[in-house]
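The values are calculated or read from the model by the stated rules, or taken from the named source; none is laboratory data. Model, not experiment: these values are computed from the prediction. With ligands, DNA and RNA removed, areas are computed over all heavy atoms of the protein, side chains included. Shrake-Rupley method; radii C 1.70, N 1.55, O 1.52, S 1.80 Å.
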Amino acid sequence: MKRLLAWCGFLLIAAATAVSAQPAGEAETAIRNALSRWTSDFNARDPTHICDLFAKDLLYDYRGFPERDYETLCSLLRRSLADQTKKFAYSLDIKEIIVAGDLAVVRLIWTLKLTVPGAANAVQSKEPGLDVFRRQPDGSWKIVRFVAYEAP
């Protein structure tokens, strides 16, 4: 009974939040645009806005590594973009976006292609993941949590 009451309370709060939030279609478009912009910046090796997709309170898990935060991720991204001995290229496949008020969940697959000069072939990996976005005070959407792994 307690679980049922808790679940009903959650649904009431979620419904009230969704009524006051921007329409889901606008939020979904904003999130798709943010992911696309990040992909373009990464592939162009432009570090200027490479961390803009992520909230300062970001926490994330990537299989095989300890939990990391915003500073760790931004440092890793900047080092990767500055490394001229490798060429990285991401492509994105968004599977679904679910918006509920000021939160959104994105199920996606990133495909990373790594090319090293002199290597016979590029290495490609698929990285399925789940990103949690939160609407920021300025109206933008940023990732606050994500979980990802390299597909077998």
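Taking the stretch 46-136 and the strands (runs of 3 or more DSSP E) fully enclosed by it, no element has 3 or more residues that are polar (S, T, N, Q) and open to solvent by 40 Å² or more (accessible area, probe 1.4 Å). The residue of the stretch 17-31 that is modelled with the lowest pLDDT, among those that are of a type in the set (Gly, Ala, Ser) and open to solvent by less than 70 Å² (accessible area, probe 1.4 Å), is ALA18.
Restricting the stretch 137-152 to residues that are of a type outside the set (Phe, Trp, Tyr), assigned to a loop (DSSP other than H, G, I, E, B) and open to solvent by 60 Å² or more (accessible area, probe 1.4 Å) leaves a set whose member that is nearest to LYS95 (Cα to Cα) is GLU150.
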